[in-house]
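J.: Submitted below is the structure of interest, expressed as structure tokens.
The values are calculated or read from the model by the stated rules, or taken from the named source; none is laboratory data. Fair warning: this is a prediction, and the values are worked out from it, not measured in the lab. Here Cβ is always computed from backbone atoms with ideal geometry, including for glycine, and neighbour counts include all displayed protein chains.
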Amino acid sequence: MNVKLLKLLCKNARYTVHELSVMTGLSEDDVKSQVSEMEKEGLIRGYKAVIDWERLDSAMVSAIIELKVEPQPDVGFEQIAEQVKKYPEVETVYLMSGGYDLCVIVKGKTFQEVAMFVAKQLAPMKYVVSTATHFILRRYKELDIELIGDNKDDREKISF
Amino acid sequence: MDYMKLLNPTVVDIKPSGIRKFFDIAAEMDDVISLGVGEPDFQTPWHIRQAGIKSLQDGKTKYTSNWGILELRKAVSDYMKAEIGCEYDPKSEVLISVGGSEAIDAAVRAIVGYGDEVLIVQPSFVCYEPIVRLAGGVPVIISTKVENEFRLTAEELKSHITDRTKLLILPYPGNPTGAIMEREDLEAVAEALRGTSIAVISDEIYSELTYTGNRHVSIASLDGMRERTVVINGFSKTYSMTGWRLGFACGPEPILTQMTKIHQFAIMSAPTTSQYAAIEALKNGRPDIEAMVEEYDMRRRLMVDGFNALGLECFEPKGAFYAFPSIKSTGLSSEEFCERLLYSKKVAIVPGNAFGESGEGHVRASYCYSVDHIKEAIRRIGEFLEDIKNEG
Ligand SMILES: Cc1ncc(COP(=O)(O)O)c(C=O)c1O
């Protein structure tokens, strides 16, 4: 496993094998075999694009839902987390330290749709004690990528 | 008023670099993709900026000691001991300056008198020759060669030494070439200097940016060299702090005392806020350097590979943040190449001859840019090469 390779893929999963090979110093064959190895082992779970949905009319809305859950003997929060993650509306599920237990990110076409999903699906679940829904209003930065602000290079164009 | 009578001819005779006009054209053009800068793209790490901000909040807004804040000089001294292996007394052998630039100027003025010959290794940073002239010295250029990866050889050095040679300015790791001097290269140079009374200014501003896996070696650490060497370094490149204007010089007490006299009368003291930030940089900045070096190294590999793939032969630059490919295969001069590239593809790079005649036939491209930016620039340079080929 090559940490440099992983870091590069984290930055941009679309680097070509040649570029990855040049930047890490690995041979192209090594890059290919290490990447497919990491995919097979499940170390690399997938690749996605970071999209600025606000630019589309058919915008998506997302909300972060704080779930307080009554932990179950033996399985703790596992069972409920497993159930929650099965919904296609659910994009992310984290077990949290602090004031609540599960952080669930839910997406939908409208605020209404997300709110209804929480009210109809998450809130009534057995062992769910309470929910608090926080809608995401603006995305400034996601997965290291800035979505707002043009980050202009304010250096001189040429200097010695 | 006849200004030509008024003004100092030594100053007037220093030509503004010929490529200034090229800079101006680039500056006015929209959507230029530049690989032209000599400064990092990273922001100064936040904890270092915070240290500067805190010093302002604490009301540290006065002059400091002429030499610089003692705590900073101690931190520099510790740094030099740990990284270079030379001990410098923080009280009398460390001067905090306004960038490495001011330290170079003070060192040259402290050492060079009227008519003294100063060996300047080229291609190199543009300030050495004018500074030597302003001090009344006579620049003697040593042109290094791409076959030697632009390292200075003992033979080249010896063949330029005369009985009026006072000083050698050693610029490694180098701007614009990215060349470094490894221990054995420096040993040979040191051997040529032993027994002479030639001083050395070693401009080590890029010392932290090397990519061989071995740490930078300073000539000052070699036998018999510390006593004759002023090491210049600073915060601009190492910590991405170009705008803070802070550097330092370390060297033997008799030289540093004279340099500090010059500094005291010309400057008073280096910027106070920057000095406080620099203490934080030296104490806690090592992880930042490592992260930046790792990033530079990837870009460096990508850029060198890109130039070589285009047929612009590029020796491996092992330090600093520049690639210095040859453009001889195009049949164009460095300036023609850069000017036409700028006009036709809006890519700005610097002609090699801006750094001395021996840079002719090369261009300097900086990799202080994001990978995507570098890829786009190389793609456009590729198009440009195709266009030239089709013309010919
Ligand atoms: C070789 C070299 N020396 C010295 C300097 C001066 O740096 P500063 O005055 O910012 O420390 C530079 C800046 O580009 C440089 O490239």
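J.: With respect to B:K158, determine if the residue is touching an Asp or Glu at 6+ places or on another chain (Cβ under 9 Å) and away from the ligand (no atom under 16 Å from the Cβ). Break it down into steps so the answer makes sense when it comes.
T.: On the way: touching an Asp or Glu at 6+ places or on another chain (Cβ under 9 Å): no; away from the ligand (no atom under 16 Å from the Cβ): yes.
The answer is no for B:K158.
J.: So which helices (runs of 4 or more DSSP H) are wholly in the range B:20-124 and hold at least 1 residues that are outside the structural domain of B:E204 (by TED's automatic domain parsing) and among the β-branched types (V, I, T)? I'd like the intermediate steps shown before the answer.
T.: Details: elements: B:20-28, B:46-57, B:70-83, B:99-111.
Result: B:20-28, B:46-57.
J.: May I pose another question? Take the residues in the range B:16-72 that are under 30 Å from B:Q264 (Cα atoms) and without any contact (Cβ under 8 Å) to a residue 24 or more places away in the chain; name whichever of them is nearest to the other protein chains (Cβ to nearest Cβ).
T.: B:P16
J.: Restricting attention to the range B:289-297, does a residue exist that is assigned by TED's automatic domain parsing to the domain that holds B:L385, more than 18 Å from B:T44 (Cα to Cα) and either touching a Phe, Trp or Tyr at 6+ places or on another chain (Cβ under 8 Å) or not charged (D, E, K, R) (or both)?
T.: Yes, the conditions are met somewhere in the range B:289-297.
J.: Further question on the same structure: Could you say which residue among B:S207, B:S236 is within 14 Å of the ligand (Cβ to nearest atom), within 14 Å of chain A (Cβ to nearest Cβ) and not in a strand (DSSP E or B)?
T.: Details: B:S207 fails: within 14 Å of chain A (Cβ to nearest Cβ).
Going through B:S207, B:S236 in turn, just one is within 14 Å of the ligand (Cβ to nearest atom), within 14 Å of chain A (Cβ to nearest Cβ) and not in a strand (DSSP E or B): B:S236.
J.: Being within 16 Å of the ligand (Cβ to nearest atom) and among the acidic types (D, E) is the filter; apply it to the range B:81-117 and report the residue that is farthest from B:T196 (Cα to Cα).
T.: B:E102
J.: Which of the residues belonging to the range B:123-134 are more than 12 Å from the ligand (Cβ to nearest atom) and either buried (at least 20 other Cβ atoms within 10 Å of the Cβ) or within 18 Å of the chain's Cα centre (by Cα) (or both)?
T.: Going residue by residue through the range B:123-134, those that are more than 12 Å from the ligand (Cβ to nearest atom) are B:129-130, B:132-134.
Passing the criteria: B:E129, B:P130, B:V132.
J.: Based on this model, can you work out whether A:M125 counts as at pLDDT 90 or above, more than 14 Å from chain B (Cβ to nearest Cβ) and assigned to a loop (DSSP other than H, G, I, E, B)? I'd like the intermediate steps shown before the answer.
T.: Values: at pLDDT 90 or above: yes; more than 14 Å from chain B (Cβ to nearest Cβ): yes; assigned to a loop (DSSP other than H, G, I, E, B): yes.
Spelling it out, A:M125 is indeed at pLDDT 90 or above, more than 14 Å from chain B (Cβ to nearest Cβ) and assigned to a loop (DSSP other than H, G, I, E, B).
J.: Please identify the pairs in which a residue from the range A:64-81 that is outside the structural domain of A:M116 (by TED's automatic domain parsing) has its Cβ atom under 7 Å from the Cβ atom of a residue that is assigned to a helix (DSSP H, G or I) and at pLDDT below 90, counting only partners at least 6 apart or on another chain.
T.: Correct list of pairs: empty, since none qualify.
J.: Here's a follow-up. If I filter the range B:52-101 down to residues being of a type in the set (V, I, T) and touching a Leu at 6+ places or on another chain (Cβ under 8 Å), which single residue comes out as surrounded by the most Cβ atoms within 10 Å (Cβ to Cβ)?
T.: The initial filter retains those residues of the range B:52-101 that are of a type in the set (V, I, T), namely B:53, B:61, B:64, B:69, B:76, B:84, B:94, B:96, B:98.
From what's left, touching a Leu at 6+ places or on another chain (Cβ under 8 Å): B:76, B:94, B:96, B:98.
Details: B:V76: 24, B:V94: 25, B:I96: 30, B:V98: 21.
Among those residues, the one meeting the criterion is B:I96.
J.: In the range B:210-233, what count of residues is obtained for those that are closer than 17 Å to B:L152 by Cα and either assigned to a loop (DSSP other than H, G, I, E, B) or within 9 Å of the ligand (Cβ to nearest atom) (or both)?
T.: Let us first name the residues in the range B:210-233 that are closer than 17 Å to B:L152 by Cα, namely B:216-220, B:222, B:225, B:229.
Next, from what is left, pick out any that are either assigned to a loop (DSSP other than H, G, I, E, B) or within 9 Å of the ligand (Cβ to nearest atom) (or both): B:216-218, B:222, B:225.
Number satisfying all stated conditions: 5.
J.: What number of residues in the range B:319-346 are surrounded by 19 or more Cβ atoms within 10 Å (Cβ to Cβ) and closer than 30 Å to A:S27 by Cβ?
T.: 8
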